[in-house]
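Scroll down for the structure; my scribbles are underneath it.
Since every read-out is calculated from the coordinates, none of them should be taken as a lab result. The structure presented is a predicted model; accordingly, all values stated were derived computationally and were not measured. Glycine gets a Cβ as well: all are built from the backbone with ideal geometry, and neighbour counts include every protein chain shown.
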Amino acid sequence: MTYVPHLLAVLVGAGLTIQVGMNATVRLVIGSPIIATIVNFGVGLAGLFLIALATNARPAPGSIVAVPAWAWLGGLLGALYVASTTVLGPRLGAAALLALTLFGQMAAALIVDHYGAIGFAQNPITPARLVGAVFLVLGVMLILKR
């Protein structure tokens, strides 16, 4: 079994914490969480555009119009995440912010997996998964203790 995807997921998670600090700095200097989010997405879009050019990435013919309307809202959720964490990060601290967002992600993930919704494979909630979620909640509570 290869653990490369697991390692990449850990690195992406670490990158999210670093991103929050970078975005908060942009917000403090610019003075607006919305403009800081636009800057974040603009830089990200430029980087992705260059990667697409370098790799000759192209959508399959007709695929863009075939995307369900609800799926386009993922970009809005991403923007809301970036804007919110830009403001909340400095107020809550990195560990508390990421613990709380992880808790929200885990709760949603259990539900989405259980029903096999929005493109995920169905993975029923089991007692072991619930115990893991409880441990996560306990971990969040411990992280929030000062």
- Going by average Cβ neighbours within 10 Å, how do the peptides 38-50, 76-88 rank, with the highest at the top? 76-88, 38-50
- Relative packing of peptides 52-60, 102-110 - highest average C-beta neighbours within 10 Å first: 102-110, 52-60
- Query: Measuring from the lowest to the highest alpha carbon on each principal axis, how far does the chain reach, largest first, in angstroms?
  - Reply: 45, 41, 33
- Separation in nanometres of the label points that stand 7 Å from Cα toward Cβ, at Ile118 and Thr17: 2.5 nm
- Message: Report the gain in length on full extension from Met141 to Ile64: 0.36 nm times residue separation, minus Cα-Cα distance, nm rounded to one decimal.
- Response: 23.5 nm
- Note on the structure: Binned at 5 Å from zero, the C-alpha pair distances of the range 93-146 give percents of 5, 21, 25, 20, 15, 10, 5, 1
- Query: Any idea how far apart Ala107 and Ala128 come out in nm if each label point goes 7 Å out from Cα toward Cβ?
  - Reply: 2.5 nm
